[in-house]
Amino acid sequence: MTIKLSSTESVQKFFQEASGFNNDQGSQRMKKLVNRILLDTVKIIEDLEVTTEEFWKAVDYLNRMGARGEAGLLVAGLGLEHYLDLLLDAQDEAVGLSGGTPRTIEGPLYVAGAPLSEGETRMDDGTDAGTVMFLEGQVVDADGKPIAGATVDLWHANTKGTYSYFDTTQSDYNLRRRILTDANGRYRARSIVPSGYGCPPDGTTQEVLNLLGRHGNRPAHIHFFISAPGYRHLTTQINLSGDEYLWDDFAYATRDGLVGEVRFTEDAAAAKARGVDGSRFAEIEFGFQLQKAPTAEQEAIRDRVRAEA
């Protein structure tokens, strides 16, 4: 027999007390959020007849997930981070904002303060024997006019699918750079072709995905923050063409307009002309279109807790 108490006056009052409604201290916003979370949680317990064993298993899971620092990975894998993008898209549409390069998820692996260059840079430290990649493009406005002095903040994984700072075997800020676009709005970077990667197989995110019958793999990709005075900050990434998981990204980051076409060249003379040892290298051309910022607030990166170097 299913017993439901969540809608009774006594339980409603009990969770109002637990949420701090009976005092004038603390944050009113937090009180509303906590109260809603509590009431929705007990409704789930009632509606799905969650057992006490399942409840405490969930509590144990949260402890283990936190200890591994995988909350950011889990919200991506369950589509919640992608949902925030869909919500922002709908909010833009509702007020008539459209156009520009699509946004997509940031993920949990950004580190601020990468070295800043003007026009062009080299991103790798030369220790990874991956395929040399030349990445370049132009940042333009809604009318296609170049935006000089825009900041292209980009980061990506190495050939093992790991990121500097989180992978302590890599040098500081390896494969992380900021580039100021030149007078024609262009940026250029020499790096290495990144690899895709999967969730840690022994981790808490993959544990949930296994129970859902899903894989935890991401295609090779490159993250970007694009910003310029007077324009809306853009958080996006490009997933690289030809990858097995291009349209099957466990984090749901692939979107139309965000596929980077990789061109591989096997030509010793062309490689030598570009300063590449051997004969094989890759090229990607990808540009960005920014929207005008209706308010100064929209020029700034969204506030969230991020890793620090």
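The values are calculated or read from the model by the stated rules, or taken from the named source; none is laboratory data. Since the structure is predicted, the reported quantities are computational estimates derived from the model, not experimental observations. Cβ sites come from the backbone with ideal geometry, for glycine too, and all protein chains shown count toward neighbours.
Tabulated values for the structure
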read-out	value
Region 128-149, residues that are in a loop (DSSP other than H, G, I, E, B) and at pLDDT 95 or above	Asp128, Gly130, Thr131, Asp141, Ala142, Asp143, Gly144, Lys145, Ile147, Ala148, Gly149
Of all residues making up region 109-166, the number that are hydrophobic (A, V, I, L, M, F, W, C), over 22 Å from Arg232 (Cα atoms) and without any contact (Cβ under 8 Å) to a residue 40 or more places away in the chain	1
Residue within region 73-89 that is surrounded by fewer than 13 Cβ atoms within 10 Å (Cβ to Cβ), of a type in the set (Gly, Ala, Ser) and in a helix (DSSP H, G or I) present	no
Boolean, Ile105 is touching a helix residue (DSSP H, G or I) at 6+ places or on another chain (Cβ under 9 Å) and among the β-branched types (Val, Ile, Thr)	yes
From Thr131, Thr205, residue being in contact with an Asp or Glu (Cβ under 9 Å, 6 or more places away or on another chain) and either among the charged types (D, E, K, R) or in the same structural domain as Gln289 (by TED's automatic domain parsing) (or both)	Thr205
Breaking point among (1) surrounded by fewer than 19 Cβ atoms within 10 Å (Cβ to Cβ); (2) under 21 Å from the mean Cα position of the chain (by Cα); (3) in a loop (DSSP other than H, G, I, E, B); (4) of a type in the set (S, T, N, Q), for Thr104	(1)
Criterion (of a type in the set (D, E, K, R) and within 26 Å of Asp141 (Cβ to Cβ)) met by exactly one of Arg214, Arg178, Arg218	Arg178
Flag for Leu48 being without any contact (Cβ under 8 Å) to a residue 40 or more places away in the chain and either more than 30 Å from Gly107 (Cβ to Cβ) or in the same structural domain as Arg218 (by TED's automatic domain parsing) (or both)	yes
Test for Pro194: is it surrounded by 18 or more Cβ atoms within 10 Å (Cβ to Cβ), over 15 Å from the mean Cα position of the chain (by Cα) and within 30 Å of Asp277 (Cβ to Cβ)	yes
Any hit, region 44-57, residues being under 18 Å from Leu209 (Cα atoms), at pLDDT 95 or above, in contact with a Ser or Thr (Cβ under 8 Å, 6 or more places away or on another chain) and surrounded by 12 or more Cβ atoms within 10 Å (Cβ to Cβ)	no
Of all residues in region 233-276 being assigned to a loop (DSSP other than H, G, I, E, B) and small (Gly, Ala, Ser), the one that is surrounded by the fewest Cβ atoms within 10 Å (Cβ to Cβ)	Gly275
Considering residues of region 277-309 that are polar (S, T, N, Q), touching a residue at least 12 places away in the same chain (Cβ under 8 Å) and not in a strand (DSSP E or B) only, the residue surrounded by the most Cβ atoms within 10 Å (Cβ to Cβ)	Gln291
Of all residues making up region 14-35, the number that are part of a helix (DSSP H, G or I) and farther than 22 Å from Ile3 by Cβ	7
